[in-house]
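In what follows, a single structure is set out as structure tokens and then discussed.
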């Protein structure tokens with residue numbers, strides 16, 4: 001589990017992309033990790049099947065924030081069908097670090113939000 | 001004097017992890033060699049079930065098991081028939097909520113606890129109150145991290161008087177304890193703030209208002225660090241865990257006044273807790289056996305005796321004084337290095353607290369702090385430490401927690417400081 005705080009993760013943590021609110025989202029959800037108090041609110045706009053806008057807010061650790069930031073970057077422009085294929089392995093690959101059993105939950109919080117939005 | 005270098009040699013974990021900086025004894029303590037050896041001794045020399053066999057191995061195991069009961073009784077100044085072995089503090093407190101709570105609590109009765117409780121001394125009572133229609137009262141804390149015993153519960157008000165351990169006259173439980181209060185249950189030492197509650201004084205004042213109130217004490221964080229005398233404290237029940245006081249996991253102790261234990265329902269039914277079973281009825285054994293159904297954690301109970309011996313050999317008064325000094329040093333060093341960027345929870349009681357420091361570092365999430373420290377083999381806890389109501393009250397979702405025991409020293413404090421400096425660098429703060 002060495003150096004999970006890579007430049008990319010720190011950059012997304014300190015400058016999260018797509019951070020903020022959307023006025024009239026098609027759908028919004030809130031997910032939480034009761035273990036550490038992390039909370040992510042994610043909102044999305046669909047044009048038919050395609051994601052045209054997605055944003056998130058909330059409080060979390062570096063891993064959960066970076067994961068949400070990177071995931072929202074990826075999903076813009078994708079279709080629902082494409083997004084349904086995203087799984088745990090995708091997130092791990094996206095973050096590019098190996099996480100322990102406890103920290104993996106932080107990384108997967110944004111995925112949980114996305115699944116609820118679909 | 002506590003010779004930490006010599007003490008470390010008694011804990012095999014340091015041999016296997018020479019660079020270990022273990023600052024999580026509040027979660028569970030490390031184990032000294034005599035405890036580990038005692039476990040092996042049971043399994044290799046007399047690993048028979050207790051009470052059941054008439055053969056000599058079983059008799060030896062039974063004798064050793066009961067020896068721990070006597071030892072624990074002396075350790076807290078109770079009687080041996082008042083010592084119940086449970087799995088842990090949590091089970092002891094749940095046992096009380098079931099076996100005592102469900103027998104005596106009725107609609108509109110009051111159950112009083114505090115905001116600084118571990119969930120295990122909060123949730124069982126909250127649920128009991130919901131089920132029975134009783135009133136669930138929660139005593140708050142003041143700015144300094146002490147129980148706010150001067151104002152109405154729930155409402156947050158700054159206390160003007162300074163509480164002292166010697167003077168129970170300053171403790172005001174009016175509006176908190178009433179004639180309807182049946183149970184007052186509280187922690188001896190907060191597992192987050194390190195606050196040491198003046199149990200004896202609280203009991204005196206509470207019982208003056210209502211002599212019938214039953215006082216339960218969660219001593220999970222006290223038993224490893226402080227001399228406990230249940231008679232002197234005047235409490236009715238007290239629970240603690242073996243694994244936090246150098247003993248094995250899987251064993252807890254519940255002490256209760258014998259008369260009260262006699263009146264209570266059994267918690268579990270089954271083997272070894274019955275006197276006689278008929279088709280239509282069952283008679284139970286007397287306490288403590290009434291509450292110890294099934295084969296217990298025999299090896300672990302037996303080895304707990306060694307943990308108590310080890311603590312007594314060093315002396316709990318010495319341990320308490322040493323930890324107090326160490327935690328103050330840690331506080332001072334952390335403040336020197338990081339000033340306002342480290343926020344200690346319940347900072348006001350730093351001179352009187354047990355060896356626990358919960359903190360938030362810059363605006364970093366505790367998981368990130370703990371993770372980077374773990375790369376330096378520094379173990380501390382991050383999260384809400386099973387005390388969510390307290391964290392909500394303090395307005396933070398979680399914190400880091402460094403806790404100290406007598407095998408920690410100045411070097412550990414410095415390594416924590418160095419580790420946090422690295423966290424700072426990593427996050428470019």
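The values are calculated or read from the model by the stated rules, or taken from the named source; none is laboratory data. Every value quoted in this text rests on a predicted model; they were computed, and no experiment measured them. Don't worry about glycine lacking a Cβ; one is built from the backbone with ideal geometry, like all the others, and counts go over all protein chains shown.
The residues in segment B:384-429 that are touching a strand residue (DSSP E or B) at 6+ places or on another chain (Cβ under 8 Å), outside any helix (DSSP H, G or I) and within 12 Å of chain A (Cβ to nearest Cβ) can be counted, and the count is 7.
Listed here are the strands (runs of 3 or more DSSP E) enclosed by segment B:208-288 that have at least 3 residues being modelled with pLDDT of 95 or more and within 20 Å of residue B:317 (Cα to Cα): B:237-241. Of all residues in segment B:340-369, those satisfying the criterion of being more than 14 Å from every other protein chain (Cβ to nearest Cβ) and assigned to a helix (DSSP H, G or I) are B:340, B:341, B:347, B:348, B:349, B:350, B:351, B:352.
Quick check: anything in segment B:138-151 more than 19 Å from residue B:254 (Cα to Cα), at pLDDT 95 or above and in contact with a helix residue (DSSP H, G or I) (Cβ under 9 Å, 6 or more places away or on another chain)? The answer is yes; a qualifying residue exists. Can residue B:337 be described as in contact with a helix residue (DSSP H, G or I) (Cβ under 6 Å, 6 or more places away or on another chain) and away from chain A (no Cβ under 14 Å)? Here the answer is yes, as residue B:337 does meet what is asked. Could you tell me whether residue B:88 is surrounded by 18 or more Cβ atoms within 10 Å (Cβ to Cβ), at pLDDT below 95 and within 25 Å of the chain's Cα centre (by Cα)? For residue B:88, the condition - surrounded by 18 or more Cβ atoms within 10 Å (Cβ to Cβ), at pLDDT below 95 and within 25 Å of the chain's Cα centre (by Cα) - is not met.
Among the residues making up segment B:197-211, those that are under 30 Å from residue B:402 (Cα atoms) and in contact with a helix residue (DSSP H, G or I) (Cβ under 6 Å, 6 or more places away or on another chain) are B:199, B:200, B:201. Taking segment B:94-121 as the range and being in contact with a helix residue (DSSP H, G or I) (Cβ under 7 Å, 6 or more places away or on another chain) and closer than 22 Å to residue B:227 by Cβ as the test, the residues that pass are B:116, B:121. In this structure, residue B:374 does satisfy being more than 21 Å from residue B:143 (Cβ to Cβ), surrounded by fewer than 21 Cβ atoms within 10 Å (Cβ to Cβ) and either within 11 Å of another protein chain (Cβ to nearest Cβ) or touching a strand residue (DSSP E or B) at 6+ places or on another chain (Cβ under 6 Å) (or both). From the list B:261, B:246, B:233, B:238, the one residue that fits, being within 23 Å of the chain's Cα centre (by Cα), crowded, with 17+ Cβ neighbours inside 10 Å and at positive phi, is B:246. Every listed requirement among (1) touching a residue at least 12 places away in the same chain (Cβ under 8 Å); (2) under 30 Å from residue B:400 (Cα atoms) is met by residue A:43 save one, (2).
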